[in-house]
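Here's the structure, in structure tokens; my notes come after.
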There are 2 protein chains.
Amino acid sequence: MYDNKIELVAAAYRKLQDRACYLIEEAEGSALFSKDPWKKEIGEGNTRVMKGGDKIAKAAINYSMVTGNYSESMAKAAGKSPGNFSATGISSIIHPVNPYVPIIHMNVRYFEMENGTKWFGGGIDLTPHYIDIEESRNFHKALKTVCNRFDINLYPLFKKEADNYFFLPHRQETRGIGGIFFDHKEPDNSADFEKYFEFTKALITIYPELYVSIMENKHSIPYGEKEILWQNYRRSRYVEFNLLYDRGTKFGLVSGGNTESILVSMPPVAAWDYQYKPAPGSDEEKTLKLLKKDIDWISLMS
Amino acid sequence: MYDNKIELVAAAYRKLQDRACYLIEEAEGSALFSKDPWKKEIGEGNTRVMKGGDKIAKAAINYSMVTGNYSESMAKAAGKSPGNFSATGISSIIHPVNPYVPIIHMNVRYFEMENGTKWFGGGIDLTPHYIDIEESRNFHKALKTVCNRFDINLYPLFKKEADNYFFLPHRQETRGIGGIFFDHKEPDNSADFEKYFEFTKALITIYPELYVSIMENKHSIPYGEKEILWQNYRRSRYVEFNLLYDRGTKFGLVSGGNTESILVSMPPVAAWDYQYKPAPGSDEEKTLKLLKKDIDWISLMS
């Protein structure tokens, strides 16, 4: 088919990691990303973390390149053959200070199996503590525009996959307003490889731009104790999703990854209250009612 | 063998639930347990929750009796045959206000399969935010005393099972100082059934007594911001254990249980900090160093 590309992909991702950190730092204005390069038996990475900023409570933009073995059970779960693999990826999450600014997550990953199988996966999704329909529309529009540069079939497909993936069955809630998600996209040939490679690069590129614009719009909206408490309740749902369902988290923890790098996705603080229900008609209740699959955000009227 | 006993067991557990709530309320002095009886297709329960007390931040003592179907995969994981089951149990957790008071957890459960198989499971374990060796010794001594009333082989066996079960592999930490844990104890005959039934009743009986005495010793120790932050970091490990590994939580969520009743085990607040390390020689560091399996707490010198 074509040669192994893992080094090429890893190098491109690493470069875009630095660009994303730079753009987020510029917008944040006060805190900086640490650099924490690590090497373990399974591979290497650079965990870049920002804490305690004026606008950003906690953010991570992580790069890693690891090798490992797909056990029978892991391979079966993924619909793949067992064997050795190499994988590289960028994984990021941003928890803002202001409850009116959403949480964002982006991840792209590339796998190469020793038998020659290769695939890409990834996604971007937004988790507003308070859903703003216009912001949601713009976010989905921007993702659709990026997708359409590569293939007009991608957005509807990947939007649906995001709705299904970023879902908490035990709460019957989506994690947020979704976005795009895809996994196990195996390129058929070199041209197809290039398409997905460029697509994942485009996602890492657009990610900080999208978030900076959202953050700039919202970070100075006044808020109080009530909004912070609600933010912490929503953050607890984020914790539940990541620990109960997130494939990357599970894969990382069972494959002997760097625990602190994997769980840097956890919010700085989270709160749980038994049977908490927002007041009828409140903004909190409006948000809860919009945490549903299959909402066409681009057409939805405010 | 002998008739089904689920109603008998459920009635005894229900009674002890009320006793435990009463004793904890007395010691707390201000907040009371709510009563929240529920009925769903799968069964019924009574979720009793206390919030915002002077000494207790959040506590739950839950009773349930449910029926369901052990699917092929669930049965295989448990080493059982597939089929319909009835199950009843008490599950409890207490999150104190004062960081010097430990978190406690107790659970007992009884299963009956349609093919006649029956088993008991359960345990009690203590999770101090700050480990106190004398308190740990007394706690384990009390558990050993209860176990010995039934069988002198139980404590060493169940203590080891607790060390193995209440363990976070990704952190290489135990959840706390352990306690006792057992599962799938199938009585061989009626006398054996009585033994385990009485043993689980003894656990629900001793549980509030043990905790009240620990709480009384510690609840008025002064603490500040530093201790609260540390408490919230330790609480986040509790969240990780329950969502990543706890069998009861997983079983409850996949079998269509009452989500709010299951996740009432979550602490009121939890905090995560990337690569937080306590100061060398601090009490926080001493606690971390004691979060290990196979510590003989009864013989350990302070």
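No lab work stands behind these numbers, since they all come straight from the coordinates. None of these values were measured; they are calculated from a predicted model. Ideal geometry is used to build each Cβ from the backbone, glycine not excepted, and the neighbour counts take in all protein chains shown.
Here are some notes:
- Selection from B:272, B:52, B:204, by position along the positive dipole direction of the stretch B:6-289 (Cβ): B:272
- Chain B: angle of helix B:133-148 to the longest principal axis, Cα-based, in degrees nearest 10: 20
- For the stretch B:68-185: rounded, prolate or oblate by the Cα gyration tensor [a/c cutoff 1.5]: prolate
- Pairs beyond 29 Å (Cα-Cα), from A:118/A:159; A:76/A:160; B:80/B:160; A:15/B:289: A:15/B:289
- Helix-derived mean residue ellipticity, 222 nm - over the protein assembly as shown, DSSP H n ≥ 4, -39500 (n - 2.57), to 500: -13500 deg cm²/dmol
- Averaged over the residues of peptide A:162-170, the number of Cβ atoms from other protein chains lying within 10 Å of each residue's Cβ is 2.
- B from A by rotation - nearest chain A beta carbon to the axis, in Å: A:243, 2
- Calculated diffusion of the stretch B:1-157, Stokes-Einstein form, Kirkwood radius summed over Cα pairs, 20 °C and 1.002 mPa s, µm²/s: 122
- Efficiency of FRET between residue B:247 and residue B:186 - r from beta-carbon atoms, R0 25 angstrom, step 0.05: 0.90
- Rg in Å to one decimal, and Dmax rounded to a whole Å, for the stretch B:231-285 via C-alpha atoms: 14.3, 46
- Annotation for the stretch B:33-72 versus the stretch A:112-182: alpha-carbon center distance of 36 Å.
- A P(r) calculated from all alpha carbon pairs of the protein assembly as shown, with 10 Å bins opening at zero, reads 3, 16, 25, 25, 19, 10, 3, 0 percent.
- Pairwise label distance in nanometres, residue B:15 with residue B:151, each label 7 Å out on the Cα-Cβ vector: 2.4
- Loop sites here are trypsin sites (Lys or Arg not before Pro) outside DSSP states H, G, I, E and B with no more than 14 other Cβ atoms within 10 Å. The longest part of chain B free of them is B:150-291.
- By other beta-carbon atoms within 10 Å, ranking A:16, A:143 with the fewest at the front produces A:16, A:143.
- This model, with +1 at the C-beta of Lys and Arg and -1 at the C-beta of Asp and Glu, gives chain B a dipole about its Cα centre of some 280 debye.
- Placing a label point 7 Å from Cα along the Cα-to-Cβ axis, residue B:14 is separated from the same position in the other copies by 6.5 nm, shortest listed first.
- Cα gyration tensor, the stretch A:129-191 - rounded (a/c under 1.5), prolate or oblate: oblate
- Only one residue of B:164, B:92, B:74 has its Cα farthest out toward the positive end of the dipole of the stretch B:71-195, where Lys and Arg carry +1 and Asp and Glu -1 on Cβ, and that residue is B:164.
- The mean count of C-beta atoms from other chains within 10 Å of the C-beta of residues in B:270-280, rounded to a whole number, is 5.
- Between identical copies, the spacing of residue A:184 label points, each set 7 Å from Cα toward the C-beta atom, reads 3.0 nm from nearest to farthest.
- Of A:119, B:38, B:297, the sequence from fewest to most neighbouring Cβ atoms within 10 angstrom is B:38, A:119, B:297.
- A convex hull fitted around the alpha carbon atoms of chain B yields 127 Å³ per residue.
- Per-copy distances of the residue B:224 label point, shortest first, in nm (7 angstrom along Cα→Cβ): 3.0
- Cα-based helix-to-principal-axis angle, B:190-218 vs chain B, degrees rounded to 10: 20
- Global geometry of the stretch A:178-302, whether rounded, prolate or oblate, following the gyration tensor of its Cα atoms and the 1.5 cut on a/c: prolate
- Nearest-ten-degree value, helix A:154-165 long axis tilted from longest Cα axis of chain A: 70
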